[in-house]
Amino acid sequence: MSKPRILFLFVMLLSFSSVAQDIHFSQFGKSPLNLNPAYAGFMDADYRISGIHRNQWKSVSVPFKTFSGSLDIKHHLTSREQAFIGTGIFFNSDKAGDSDFGITQAGISLSYITAIGSSGSHYATIGIQPLFSQISLNYSKLTFDNQFDGDVFNPAIPPAEIFNNDKSVNFDLAAGFSYLYQPSEQFQIGAGLSVHHLLNPHYSFFSDHNAGLPVKTSIDLNSSIAVTEKFFIQPAILFSTQEKFREIVPGGTLKFLLNERPGRKINIMAGLYFRSGDALIPMIGLDYNELNIGFSYDINTSDLNRASNHRGGYEIALTYLITKVKPLGLRPPCPVY
């Protein structure tokens, strides 16, 4: 087998390996609807707008670029004071390598959020997430051995390869559960369990109906602990498994409250995470009122660092929270001066 064909098979195998591992982010908490359908509307606000961009492996090949955007809303139920419905929509786009191997996803998340007991410190949520997913490949950007005319490479020569499809569209389903214990603003601990690809969607460019995407199960744990009135420790861990693939990301951040005046709230964060066997991930963040900005960088620690020189990729995340102002009554209270 010639070297170009070997290279082509390697690219294809790498692409399918990427599919098997799924879209993922180092700042996993900044993409809540990708992490767990139960997180739709689970927040201290009425609306949440989230966006995250990842750029990886620029030092090794054509960069792998991933973007996710979402909007989720918490709906108050009039029948129960401490019960809510969460709804959300999201869009994912991932492009990888010379062939523009792509994953495009769009879907909705629905959740039910309720307090447990009368103390108002225990919450549980369940969620479901139907979505459409498409994989694509641009064969025109690949080269093959028959395009060598004996003297030079000639891109005008059509490849001798026969391709069945350049796209595959599938319907998929995910579900999740989460729990939060928050007795005060100084301490909280939460956990989530999610299961993706419940329908084992068919991901293949060929007529291989056994190429169902395996189920992915994820567990995340997070906490926020006040050390002083203005200093918090926020440990977290993500564990995901998908057939033979495993991803473990433990770490945490330190949060400092610099200014708590209404309209001028400023918090800063700095932290460190570690993706087992792959990368060291330092990150920083800033809260300004209801806007959160996060930046992280993957320092490659795997055997690939011989080619990457430890340069993995960066992520930028934005989250904006909106809380509706409750209307005043017919006889609003008089202000006290």
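Note the full-extension length gain between residue 82 and residue 141 as 0.36 nm times their separation in residues minus their Cα-Cα distance, in nm to one decimal.
The residue 82-residue 141 span can extend by a further 15.8 nm.
Calculate the dipole size of region 185-308 relative to its Cα centre from +1 charges on Lys and Arg beta carbons and -1 charges on Asp and Glu beta carbons; express the result in debye to the nearest 20.
The calculated dipole for region 185-308 is roughly 200 debye.
If we count every other residue with Cβ under 14 angstrom of residue 129's Cβ, Lys/Arg +1 and Asp/Glu -1, where does the sum land?
Combined, the nearby Lys, Arg, Asp and Glu give -2.
Using the structure shown, select from 65/230; 30/244; 95/324; 95/265; 95/255 the pairs with a Cα to Cα distance greater than 30 angstrom.
From the list (65/230; 30/244; 95/324; 95/265; 95/255), the Cα-Cα distance tops 30 Å for 65/230; 95/324; 95/265; 95/255.
Note the per residue figure in Å³ for the convex hull of the C-alpha positions in region 3-322.
Hull volume normalised by residue count: 148 Å³.
Would you please give the residues with an amide H less than 5 Å from that of residue 199, counting only those at least 5 places away or on a separate chain, with H modeled from the backbone geometry?
Correct list: 173.
Let me check I've understood the local charge: for residue 233, count other residues with C-beta under 15 angstrom from its C-beta, Lys and Arg +1, Asp and Glu -1. What total comes out?
Residues near residue 233 contribute 0 overall.
Residue 49 to residue 156: extension gain in nm, 0.36 nm per residue of separation minus the Cα-Cα distance?
Extending this stretch completely gives an extra 33.9 nm.
Order of 173-183, 39-49 by packing, highest average Cβ count within 10 Å first?
Highest-to-lowest ranking by the protection proxy: 39-49, 173-183.
Provide the packing ranking of 260-271, 81-92, i.e. peptides ordered by the mean count of other C-beta atoms within 10 Å per residue, highest first.
Ranked by mean Cβ neighbours within 10 Å, highest first: 81-92, 260-271.
From Cα pairs below 8 angstrom and at least 6 apart in sequence, can you work out the relative contact order of region 174-323, rounded to a whole percent?
Computed over region 174-323, the figure is 12 percent.
Between residue 254 and residue 116, what is 0.36 nm times their sequence separation minus the Cα-Cα distance? Round to one decimal in nm.
The span from residue 254 to residue 116 would gain 46.7 nm if fully extended.
Take each of the peptides 138-149, 281-292, average the number of other beta-carbon atoms within 10 Å over its residues, and list them starting from the highest.
Descending mean neighbour count gives 281-292, 138-149.
Compute the convex hull volume of the Cα atoms of region 102-255, divide it by the residue count, and report the result per residue in Å³ as a whole number.
Expressed per residue, the convex hull around the Cα atoms of region 102-255 is 176 Å³.
Read-outs: derived from the displayed coordinates by stated rules, not from any lab. Just so we're clear, the structure is a prediction, and the values are computed from it rather than from any experiment. All Cβ positions, glycine included, derive from the backbone under ideal geometry; neighbour counts span all protein chains shown.
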